[in-house]
Amino acid sequence: MRTALVVLRKDLRLELRTLETVPAMVLFALVTFVIFHFGLNRPSIAGQLAAGVLTVTLLFAAMLGINRLFVAEREQGGFDAFLLAPVDRTAMLLAKAAALYVFLVVLEVIAVPAFKLFLLGPSLGRALPGLILVLALGNLGLAVIGTLVSAIAVHTRARDLIGPVIGLPLLLPALIATARAAGPLLAAGHAATAPPGRWLLILALYDVVFALLAYAVFDFLLED
Amino acid sequence: MAAALALVFFYAPLDASQGFVQKIFYIHVPLAILSLCGFVFGGVLAIGYLRTGDRRWDMRSYVAIHMALIFGIAGLISGSIWAKASWGHWWVWNEPTLVSFLIVLLLFATYQPLRFSIEDPERQSRYASVFAIVGGAFVPLNYIAVSEATAYVHPRVLTLGGAHLPPSMGLTFVVALLAFTLLYLTLWKYEMAAKNARAQVRRLRRTLLGDDSVRPVGRSAAPS
(Lines give C-alpha, C1' and ligand atoms only; values in the text may rest on other atoms or scores of the structure.)
Protein backbone atom coordinates (compact mmCIF):
# COMPACT_ATOMS: atom_id res chain seq x y z
CA MET A 1 0.00 0.00 0.00
CA ARG A 2 2.79 2.41 0.90
CA THR A 3 4.66 1.44 -2.24
CA ALA A 4 1.59 2.22 -4.30
CA LEU A 5 1.35 5.64 -2.67
CA VAL A 6 5.00 6.35 -3.37
CA VAL A 7 4.69 5.38 -7.03
CA LEU A 8 1.46 7.35 -7.33
CA ARG A 9 3.11 10.43 -5.85
CA LYS A 10 6.02 10.04 -8.25
CA ASP A 11 3.62 9.82 -11.21
CA LEU A 12 1.64 12.85 -10.17
CA ARG A 13 4.74 14.91 -9.54
CA LEU A 14 6.14 13.88 -12.92
CA GLU A 15 2.91 14.95 -14.57
CA LEU A 16 2.85 18.26 -12.70
CA ARG A 17 6.39 19.08 -13.77
CA THR A 18 6.25 17.99 -17.38
CA LEU A 19 2.56 18.72 -18.06
CA GLU A 20 2.65 16.20 -20.82
CA THR A 21 -0.45 14.03 -20.69
CA VAL A 22 -3.34 15.80 -19.01
CA PRO A 23 -3.21 19.06 -21.00
CA ALA A 24 -3.12 17.02 -24.19
CA MET A 25 -6.17 15.05 -23.05
CA VAL A 26 -8.05 18.23 -22.18
CA LEU A 27 -7.19 19.91 -25.48
CA PHE A 28 -8.18 16.78 -27.35
CA ALA A 29 -11.56 16.73 -25.60
CA LEU A 30 -12.21 20.40 -26.38
CA VAL A 31 -11.28 19.99 -30.03
CA THR A 32 -13.51 16.93 -30.23
CA PHE A 33 -16.47 18.97 -28.93
CA VAL A 34 -15.87 21.48 -31.70
CA ILE A 35 -15.61 18.66 -34.23
CA PHE A 36 -18.86 17.18 -32.98
CA HIS A 37 -20.52 20.57 -33.26
CA PHE A 38 -19.64 20.80 -36.94
CA GLY A 39 -20.05 17.10 -37.61
CA LEU A 40 -23.57 17.04 -36.19
CA ASN A 41 -24.29 20.58 -37.41
CA ARG A 42 -26.33 21.52 -34.35
CA PRO A 43 -26.07 24.48 -31.99
CA SER A 44 -26.97 22.33 -28.99
CA ILE A 45 -27.75 18.72 -28.18
CA ALA A 46 -29.63 16.91 -25.42
CA GLY A 47 -30.58 13.51 -24.08
CA GLN A 48 -29.02 10.29 -25.28
CA LEU A 49 -27.16 12.04 -28.09
CA ALA A 50 -25.48 14.40 -25.63
CA ALA A 51 -24.59 11.51 -23.34
CA GLY A 52 -23.10 9.62 -26.27
CA VAL A 53 -21.02 12.58 -27.43
CA LEU A 54 -19.73 13.22 -23.92
CA THR A 55 -18.85 9.58 -23.20
CA VAL A 56 -17.20 8.95 -26.56
CA THR A 57 -15.11 12.10 -26.23
CA LEU A 58 -14.01 11.16 -22.73
CA LEU A 59 -13.22 7.62 -23.86
CA PHE A 60 -11.00 8.76 -26.71
CA ALA A 61 -9.31 11.38 -24.56
CA ALA A 62 -8.69 8.66 -21.97
CA MET A 63 -7.13 6.53 -24.71
CA LEU A 64 -4.44 9.21 -25.09
CA GLY A 65 -3.61 8.99 -21.41
CA ILE A 66 -3.68 5.19 -21.52
CA ASN A 67 -1.13 5.15 -24.33
CA ARG A 68 1.25 7.34 -22.35
CA LEU A 69 0.80 5.66 -18.99
CA PHE A 70 3.81 3.34 -18.98
CA VAL A 71 5.98 5.06 -21.57
CA ALA A 72 8.12 6.86 -19.02
CA GLU A 73 8.68 3.63 -17.07
CA ARG A 74 9.83 1.88 -20.18
CA GLU A 75 12.09 4.62 -21.49
CA GLN A 76 13.71 5.50 -18.17
CA GLY A 77 14.07 1.95 -16.88
CA GLY A 78 11.40 2.32 -14.21
CA PHE A 79 10.25 -1.25 -14.77
CA ASP A 80 13.65 -2.73 -13.95
CA ALA A 81 14.01 -0.59 -10.86
CA PHE A 82 10.54 -1.60 -9.71
CA LEU A 83 11.25 -5.28 -10.27
CA LEU A 84 14.54 -5.04 -8.36
CA ALA A 85 12.84 -3.51 -5.35
CA PRO A 86 11.48 -6.03 -2.85
CA VAL A 87 7.87 -4.87 -3.13
CA ASP A 88 4.56 -6.36 -4.13
CA ARG A 89 4.04 -6.01 -7.86
CA THR A 90 0.35 -5.33 -7.53
CA ALA A 91 1.34 -1.97 -6.07
CA MET A 92 2.23 -0.90 -9.59
CA LEU A 93 -1.29 -1.70 -10.83
CA LEU A 94 -2.81 0.18 -7.92
CA ALA A 95 -0.57 3.20 -8.40
CA LYS A 96 -0.99 3.42 -12.16
CA ALA A 97 -4.76 2.94 -11.99
CA ALA A 98 -4.98 5.63 -9.32
CA ALA A 99 -2.83 7.98 -11.40
CA LEU A 100 -5.03 7.40 -14.44
CA TYR A 101 -8.11 7.99 -12.26
CA VAL A 102 -6.73 11.32 -11.12
CA PHE A 103 -5.93 12.29 -14.71
CA LEU A 104 -9.49 11.43 -15.73
CA VAL A 105 -10.99 13.44 -12.88
CA VAL A 106 -8.93 16.48 -13.85
CA LEU A 107 -9.98 15.98 -17.46
CA GLU A 108 -13.65 15.82 -16.52
CA VAL A 109 -13.51 18.81 -14.20
CA ILE A 110 -12.55 20.87 -17.23
CA ALA A 111 -14.28 18.97 -20.02
CA VAL A 112 -17.78 18.66 -18.52
CA PRO A 113 -18.28 22.44 -17.96
CA ALA A 114 -16.84 23.02 -21.44
CA PHE A 115 -19.32 20.50 -22.78
CA LYS A 116 -22.13 22.37 -21.09
CA LEU A 117 -20.88 25.64 -22.52
CA PHE A 118 -20.33 24.46 -26.08
CA LEU A 119 -22.88 21.80 -26.80
CA LEU A 120 -25.35 20.89 -24.08
CA GLY A 121 -28.82 22.39 -24.37
CA PRO A 122 -30.61 21.66 -21.06
CA SER A 123 -29.16 23.01 -17.83
CA LEU A 124 -27.02 20.72 -15.76
CA GLY A 125 -27.81 21.90 -12.23
CA ARG A 126 -30.10 19.23 -10.81
CA ALA A 127 -28.56 16.33 -12.69
CA LEU A 128 -25.01 17.11 -11.60
CA PRO A 129 -24.73 14.75 -8.57
CA GLY A 130 -26.06 11.86 -10.66
CA LEU A 131 -23.68 12.64 -13.48
CA ILE A 132 -20.75 12.77 -11.09
CA LEU A 133 -21.71 9.35 -9.74
CA VAL A 134 -21.95 7.86 -13.23
CA LEU A 135 -18.64 9.34 -14.32
CA ALA A 136 -16.94 8.22 -11.12
CA LEU A 137 -17.99 4.63 -11.76
CA GLY A 138 -17.12 4.89 -15.43
CA ASN A 139 -13.68 6.26 -14.59
CA LEU A 140 -13.02 3.26 -12.39
CA GLY A 141 -13.58 0.90 -15.32
CA LEU A 142 -11.51 3.10 -17.61
CA ALA A 143 -8.67 3.28 -15.11
CA VAL A 144 -8.51 -0.45 -14.43
CA ILE A 145 -8.87 -1.65 -18.02
CA GLY A 146 -6.67 1.18 -19.23
CA THR A 147 -3.84 0.19 -16.91
CA LEU A 148 -4.12 -3.45 -17.91
CA VAL A 149 -4.18 -2.69 -21.64
CA SER A 150 -1.39 -0.18 -21.32
CA ALA A 151 0.78 -2.70 -19.49
CA ILE A 152 0.16 -5.25 -22.25
CA ALA A 153 0.70 -2.78 -25.08
CA VAL A 154 3.83 -1.07 -23.79
CA HIS A 155 6.07 -4.03 -24.53
CA THR A 156 4.80 -4.61 -28.04
CA ARG A 157 6.40 -3.09 -31.10
CA ALA A 158 3.32 -1.26 -32.34
CA ARG A 159 2.21 -0.09 -28.93
CA ASP A 160 0.31 2.98 -30.09
CA LEU A 161 -1.79 0.73 -32.31
CA ILE A 162 -2.22 -2.27 -30.04
CA GLY A 163 -3.42 -0.20 -27.08
CA PRO A 164 -6.58 1.27 -28.65
CA VAL A 165 -7.30 -1.82 -30.72
CA ILE A 166 -7.47 -4.03 -27.62
CA GLY A 167 -8.78 -1.36 -25.30
CA LEU A 168 -11.78 -0.14 -27.25
CA PRO A 169 -13.61 -3.50 -27.53
CA LEU A 170 -12.81 -4.27 -23.89
CA LEU A 171 -14.20 -0.89 -22.82
CA LEU A 172 -17.36 -1.16 -24.91
CA PRO A 173 -19.57 -2.50 -22.10
CA ALA A 174 -18.42 0.36 -19.87
CA LEU A 175 -19.15 2.83 -22.66
CA ILE A 176 -22.64 1.41 -23.19
CA ALA A 177 -23.45 1.51 -19.49
CA THR A 178 -22.04 5.01 -18.96
CA ALA A 179 -23.80 6.47 -21.97
CA ARG A 180 -27.13 4.86 -21.11
CA ALA A 181 -26.92 5.86 -17.46
CA ALA A 182 -26.09 9.46 -18.36
CA GLY A 183 -28.73 9.71 -21.09
CA PRO A 184 -31.78 10.47 -18.91
CA LEU A 185 -29.74 12.96 -16.85
CA LEU A 186 -29.06 15.15 -19.87
CA ALA A 187 -32.56 14.99 -21.32
CA ALA A 188 -34.34 18.19 -22.27
CA GLY A 189 -37.40 19.23 -20.28
CA HIS A 190 -37.85 17.16 -17.13
CA ALA A 191 -34.46 15.59 -16.80
CA ALA A 192 -34.23 12.78 -14.30
CA THR A 193 -32.26 13.62 -11.18
CA ALA A 194 -31.04 10.09 -10.52
CA PRO A 195 -29.40 7.81 -13.10
CA PRO A 196 -31.16 4.51 -13.86
CA GLY A 197 -30.13 1.97 -11.22
CA ARG A 198 -29.90 -0.94 -13.64
CA TRP A 199 -27.10 0.68 -15.62
CA LEU A 200 -25.24 1.74 -12.50
CA LEU A 201 -25.43 -1.86 -11.36
CA ILE A 202 -23.99 -3.14 -14.65
CA LEU A 203 -21.24 -0.55 -14.55
CA ALA A 204 -20.38 -1.48 -10.97
CA LEU A 205 -20.40 -5.19 -11.83
CA TYR A 206 -18.08 -4.54 -14.76
CA ASP A 207 -15.73 -2.52 -12.55
CA VAL A 208 -15.61 -5.16 -9.84
CA VAL A 209 -15.06 -8.11 -12.18
CA PHE A 210 -12.28 -6.44 -14.13
CA ALA A 211 -10.63 -5.05 -11.02
CA LEU A 212 -10.41 -8.57 -9.58
CA LEU A 213 -9.24 -9.95 -12.91
CA ALA A 214 -6.58 -7.27 -13.30
CA TYR A 215 -5.44 -7.94 -9.74
CA ALA A 216 -5.10 -11.64 -10.56
CA VAL A 217 -3.19 -11.36 -13.84
CA PHE A 218 -1.15 -8.19 -13.41
CA ASP A 219 1.79 -9.96 -11.79
CA PHE A 220 2.49 -11.84 -14.99
CA LEU A 221 2.79 -8.67 -17.02
CA LEU A 222 5.73 -7.41 -14.99
CA GLU A 223 7.72 -10.63 -14.68
CA ASP A 224 11.01 -10.60 -16.45
CA MET B 1 -21.03 -35.08 -38.85
CA ALA B 2 -22.55 -36.90 -41.81
CA ALA B 3 -25.33 -38.18 -39.57
CA ALA B 4 -26.07 -34.64 -38.49
CA LEU B 5 -26.21 -33.38 -42.05
CA ALA B 6 -28.48 -36.25 -43.04
CA LEU B 7 -30.80 -35.43 -40.16
CA VAL B 8 -30.77 -31.76 -41.08
CA PHE B 9 -31.77 -32.39 -44.64
CA PHE B 10 -34.08 -35.38 -44.41
CA TYR B 11 -35.47 -35.70 -40.93
CA ALA B 12 -36.15 -32.28 -39.50
CA PRO B 13 -39.49 -30.84 -40.67
CA LEU B 14 -39.56 -27.70 -42.74
CA ASP B 15 -40.29 -24.62 -40.72
CA ALA B 16 -43.81 -23.38 -41.30
CA SER B 17 -42.95 -19.73 -41.83
CA GLN B 18 -39.39 -19.84 -43.11
CA GLY B 19 -39.24 -23.01 -45.14
CA PHE B 20 -35.94 -24.37 -46.30
CA VAL B 21 -33.83 -21.44 -45.10
CA GLN B 22 -34.50 -22.43 -41.53
CA LYS B 23 -32.14 -25.36 -42.04
CA ILE B 24 -29.19 -23.00 -41.71
CA PHE B 25 -30.15 -22.80 -38.05
CA TYR B 26 -28.56 -26.21 -37.51
CA ILE B 27 -25.25 -24.93 -38.80
CA HIS B 28 -25.24 -21.34 -37.63
CA VAL B 29 -26.21 -21.82 -33.99
CA PRO B 30 -23.69 -24.58 -33.20
CA LEU B 31 -20.96 -22.59 -34.94
CA ALA B 32 -21.70 -19.50 -32.88
CA ILE B 33 -22.06 -21.39 -29.59
CA LEU B 34 -18.84 -23.29 -30.18
CA SER B 35 -16.95 -20.18 -31.11
CA LEU B 36 -17.90 -18.46 -27.84
CA CYS B 37 -17.12 -21.63 -25.89
CA GLY B 38 -13.81 -21.83 -27.76
CA PHE B 39 -12.82 -18.35 -26.59
CA VAL B 40 -13.64 -19.24 -22.99
CA PHE B 41 -11.84 -22.59 -23.42
CA GLY B 42 -8.78 -20.71 -24.68
CA GLY B 43 -8.91 -18.51 -21.57
CA VAL B 44 -9.08 -21.57 -19.30
CA LEU B 45 -6.11 -23.14 -21.08
CA ALA B 46 -4.23 -19.86 -20.70
CA ILE B 47 -4.69 -20.10 -16.92
CA GLY B 48 -2.90 -23.44 -17.22
CA TYR B 49 0.02 -21.71 -18.90
CA LEU B 50 0.31 -18.99 -16.29
CA ARG B 51 0.16 -21.55 -13.48
CA THR B 52 2.69 -24.00 -14.87
CA GLY B 53 4.80 -21.96 -17.30
CA ASP B 54 4.67 -24.90 -19.70
CA ARG B 55 4.73 -23.78 -23.31
CA ARG B 56 2.39 -26.57 -24.40
CA TRP B 57 -0.48 -24.94 -22.53
CA ASP B 58 0.12 -21.75 -24.42
CA MET B 59 0.07 -23.64 -27.69
CA ARG B 60 -3.21 -25.30 -26.70
CA SER B 61 -4.72 -21.94 -25.84
CA TYR B 62 -3.48 -20.44 -29.09
CA VAL B 63 -4.96 -23.23 -31.18
CA ALA B 64 -8.26 -23.07 -29.29
CA ILE B 65 -8.62 -19.34 -29.93
CA HIS B 66 -7.46 -19.68 -33.51
CA MET B 67 -10.11 -22.33 -34.21
CA ALA B 68 -12.77 -20.37 -32.36
CA LEU B 69 -11.98 -17.33 -34.49
CA ILE B 70 -12.49 -19.35 -37.68
CA PHE B 71 -15.73 -20.83 -36.33
CA GLY B 72 -16.85 -17.37 -35.27
CA ILE B 73 -16.35 -15.85 -38.71
CA ALA B 74 -18.15 -18.78 -40.32
CA GLY B 75 -20.96 -18.38 -37.78
CA LEU B 76 -21.21 -14.67 -38.47
CA ILE B 77 -21.46 -15.21 -42.22
CA SER B 78 -24.01 -18.01 -41.95
CA GLY B 79 -25.98 -15.93 -39.46
CA SER B 80 -25.93 -13.00 -41.83
CA ILE B 81 -27.33 -15.13 -44.63
CA TRP B 82 -30.04 -16.41 -42.34
CA ALA B 83 -30.85 -12.91 -41.16
CA LYS B 84 -31.18 -11.72 -44.74
CA ALA B 85 -33.54 -14.58 -45.47
CA SER B 86 -35.72 -14.38 -42.40
CA TRP B 87 -35.60 -10.73 -41.28
CA GLY B 88 -34.82 -9.15 -44.64
CA HIS B 89 -31.59 -7.44 -43.51
CA TRP B 90 -28.00 -8.57 -43.56
CA TRP B 91 -27.37 -6.90 -40.28
CA VAL B 92 -29.61 -5.58 -37.50
CA TRP B 93 -28.43 -3.51 -34.57
CA ASN B 94 -31.31 -4.09 -32.18
CA GLU B 95 -30.19 -7.61 -31.53
CA PRO B 96 -28.06 -8.41 -28.49
CA THR B 97 -26.74 -11.79 -29.56
CA LEU B 98 -25.54 -10.46 -32.88
CA VAL B 99 -23.96 -7.29 -31.54
CA SER B 100 -22.25 -8.86 -28.56
CA PHE B 101 -20.93 -11.59 -30.80
CA LEU B 102 -19.47 -9.00 -33.14
CA ILE B 103 -17.77 -7.19 -30.26
CA VAL B 104 -16.24 -10.40 -28.95
CA LEU B 105 -15.05 -11.24 -32.43
CA LEU B 106 -13.50 -7.78 -32.84
CA LEU B 107 -11.73 -8.20 -29.52
CA PHE B 108 -10.30 -11.59 -30.37
CA ALA B 109 -9.32 -10.46 -33.85
CA THR B 110 -6.61 -8.46 -32.05
CA TYR B 111 -5.20 -11.62 -30.46
CA GLN B 112 -2.95 -12.44 -33.39
CA PRO B 113 -1.70 -8.88 -34.07
CA LEU B 114 -0.83 -8.72 -30.38
CA ARG B 115 1.23 -11.89 -30.60
CA PHE B 116 2.85 -10.67 -33.78
CA SER B 117 4.09 -7.47 -32.28
CA ILE B 118 5.93 -9.05 -29.34
CA GLU B 119 9.30 -10.47 -30.28
CA ASP B 120 10.45 -12.33 -27.21
CA PRO B 121 8.68 -15.73 -27.42
CA GLU B 122 8.29 -16.18 -23.68
CA ARG B 123 6.87 -12.73 -23.17
CA GLN B 124 4.65 -13.35 -26.18
CA SER B 125 3.07 -16.40 -24.59
CA ARG B 126 2.70 -14.71 -21.23
CA TYR B 127 1.00 -11.62 -22.61
CA ALA B 128 -1.18 -13.64 -24.94
CA SER B 129 -2.28 -15.76 -21.98
CA VAL B 130 -3.20 -12.70 -19.96
CA PHE B 131 -5.14 -11.40 -22.93
CA ALA B 132 -6.90 -14.74 -23.38
CA ILE B 133 -7.98 -14.83 -19.73
CA VAL B 134 -9.29 -11.28 -19.79
CA GLY B 135 -11.06 -11.99 -23.07
CA GLY B 136 -12.59 -15.20 -21.74
CA ALA B 137 -14.06 -13.33 -18.79
CA PHE B 138 -15.18 -10.55 -21.09
CA VAL B 139 -17.46 -12.83 -23.14
CA PRO B 140 -20.28 -13.22 -20.57
CA LEU B 141 -19.97 -9.66 -19.19
CA ASN B 142 -20.20 -8.18 -22.63
CA TYR B 143 -23.27 -10.25 -23.32
CA ILE B 144 -25.01 -8.90 -20.22
CA ALA B 145 -24.26 -5.30 -21.12
CA VAL B 146 -25.33 -5.58 -24.73
CA SER B 147 -28.48 -7.56 -24.07
CA GLU B 148 -29.57 -4.98 -21.51
CA ALA B 149 -29.02 -2.27 -24.10
CA THR B 150 -31.23 -3.71 -26.80
CA ALA B 151 -34.56 -5.36 -27.35
CA TYR B 152 -34.98 -8.94 -28.39
CA VAL B 153 -35.64 -10.17 -31.90
CA HIS B 154 -33.60 -13.32 -32.00
CA PRO B 155 -35.84 -16.30 -31.59
CA ARG B 156 -35.46 -17.34 -27.97
CA VAL B 157 -34.93 -20.96 -28.76
CA LEU B 158 -32.82 -21.94 -25.81
CA THR B 159 -34.11 -20.18 -22.73
CA LEU B 160 -33.56 -21.14 -19.15
CA GLY B 161 -36.98 -22.78 -19.15
CA GLY B 162 -35.81 -25.32 -21.71
CA ALA B 163 -35.78 -25.61 -25.46
CA HIS B 164 -38.85 -24.34 -27.29
CA LEU B 165 -38.61 -26.65 -30.22
CA PRO B 166 -40.66 -29.53 -31.51
CA PRO B 167 -38.94 -32.79 -30.58
CA SER B 168 -37.78 -33.72 -34.07
CA MET B 169 -36.13 -30.33 -34.56
CA GLY B 170 -34.71 -30.51 -31.06
CA LEU B 171 -33.12 -33.86 -31.76
CA THR B 172 -31.60 -32.64 -35.00
CA PHE B 173 -30.26 -29.56 -33.25
CA VAL B 174 -28.65 -31.57 -30.47
CA VAL B 175 -27.06 -33.94 -32.98
CA ALA B 176 -25.79 -30.99 -35.03
CA LEU B 177 -24.37 -29.32 -31.91
CA LEU B 178 -22.66 -32.56 -30.98
CA ALA B 179 -21.28 -32.98 -34.47
CA PHE B 180 -19.84 -29.48 -34.50
CA THR B 181 -18.33 -29.96 -31.06
CA LEU B 182 -16.61 -33.07 -32.34
CA LEU B 183 -15.48 -31.16 -35.43
CA TYR B 184 -14.03 -28.42 -33.24
CA LEU B 185 -12.20 -30.89 -31.02
CA THR B 186 -10.91 -32.86 -33.99
CA LEU B 187 -9.59 -29.76 -35.73
CA TRP B 188 -8.04 -28.66 -32.48
CA LYS B 189 -6.27 -31.99 -31.95
CA TYR B 190 -5.21 -32.08 -35.59
CA GLU B 191 -3.70 -28.62 -35.44
CA MET B 192 -1.94 -29.51 -32.19
CA ALA B 193 -0.51 -32.66 -33.74
CA ALA B 194 0.67 -30.71 -36.77
CA LYS B 195 2.39 -28.11 -34.62
CA ASN B 196 4.04 -30.75 -32.45
CA ALA B 197 5.22 -32.65 -35.51
CA ARG B 198 6.68 -29.52 -37.04
CA ALA B 199 8.58 -28.72 -33.85
CA GLN B 200 9.89 -32.28 -33.68
CA VAL B 201 11.04 -32.22 -37.30
CA ARG B 202 12.93 -29.02 -36.62
CA ARG B 203 14.58 -30.50 -33.59
CA LEU B 204 15.62 -33.63 -35.50
CA ARG B 205 16.98 -31.66 -38.43
CA ARG B 206 18.94 -29.51 -36.08
CA THR B 207 20.58 -32.50 -34.39
CA LEU B 208 21.23 -34.24 -37.69
CA LEU B 209 22.44 -31.32 -39.77
CA GLY B 210 23.88 -29.05 -37.13
CA ASP B 211 22.50 -25.78 -35.83
CA ASP B 212 23.54 -23.58 -38.71
CA SER B 213 21.89 -25.39 -41.55
CA VAL B 214 18.38 -24.99 -40.18
CA ARG B 215 16.93 -21.56 -40.63
CA PRO B 216 15.71 -20.02 -37.38
CA VAL B 217 11.97 -19.71 -36.94
CA GLY B 218 10.84 -16.40 -38.37
CA ARG B 219 8.85 -14.05 -36.25
CA SER B 220 5.48 -15.67 -35.97
CA ALA B 221 2.23 -15.26 -34.14
CA ALA B 222 2.08 -18.95 -33.40
CA PRO B 223 3.98 -20.38 -30.46
CA SER B 224 6.55 -22.89 -31.58
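The values are calculated or read from the model by the stated rules, or taken from the named source; none is laboratory data. Computed from a predicted structure; not experimentally measured. Neighbour counts run over all protein chains shown; Cβ positions are idealised from the backbone, glycine included.
So here's what we get for this one:
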quantity: Total residues in the range A:208-224, condition touching a residue at least 12 places away in the same chain (Cβ under 8 Å), at the interface with chain B (Cβ under 10 Å from one of its Cβ atoms), more than 24 Å from A:Arg180 (Cα to Cα) and aromatic (Phe, Trp, Tyr); calculated: 1
quantity: Any hit, the range A:109-131, residues being outside any helix (DSSP H, G or I) and within 29 Å of A:Arg9 (Cα to Cα); calculated: no
quantity: Exclusive hit being surrounded by fewer than 22 Cβ atoms within 10 Å (Cβ to Cβ), among the aromatic types (Phe, Trp, Tyr) and touching a helix residue (DSSP H, G or I) at 6+ places or on another chain (Cβ under 8 Å), set A:Phe79, A:Phe70; calculated: A:Phe79
quantity: Any hit, the range A:159-173, residues being under 24 Å from A:Ala46 (Cα atoms) and aliphatic (A, V, I, L, M); calculated: yes
quantity: Among (1) buried (at least 23 other Cβ atoms within 10 Å of the Cβ); (2) at pLDDT 80 or above - the single one A:Leu213 does not satisfy; calculated: (1)
quantity: Residue within the range A:89-104 that is in a loop (DSSP other than H, G, I, E, B), more than 23 Å from A:Leu133 (Cβ to Cβ), touching a residue at least 24 places away in the same chain (Cβ under 8 Å) and more than 20 Å from the chain's Cα centre (by Cα) present; calculated: yes
quantity: Test for A:Leu161: is it in contact (Cβ under 8 Å) with a residue 24 or more places away in the chain and either surrounded by fewer than 21 Cβ atoms within 10 Å (Cβ to Cβ) or closer than 20 Å to A:Leu107 by Cα (or both); calculated: no
quantity: Residue match in the range A:147-163 (condition: touching a Leu at 6+ places or on another chain (Cβ under 8 Å) and away from chain B (no Cβ under 11 Å)); calculated: yes
quantity: Check on A:Arg126, over 22 Å from B:Ile118 (Cβ atoms) and in contact (Cβ under 8 Å) with a residue 24 or more places away in the chain; calculated: yes
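Residues are listed down the side, and each one gets a yes or a no for (1) facing chain B (nearest Cβ under 9 Å); (2) without any contact (Cβ under 8 Å) to a residue 60 or more places away in the chain; (3) surrounded by 23 or more Cβ atoms within 10 Å (Cβ to Cβ):
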{"residue": "A:Leu168", "(1), (2), (3)": "yes, no, no"}
{"residue": "A:Gly197", "(1), (2), (3)": "no, yes, no"}
{"residue": "A:Leu201", "(1), (2), (3)": "no, yes, no"}
{"residue": "A:Tyr206", "(1), (2), (3)": "yes, no, yes"}
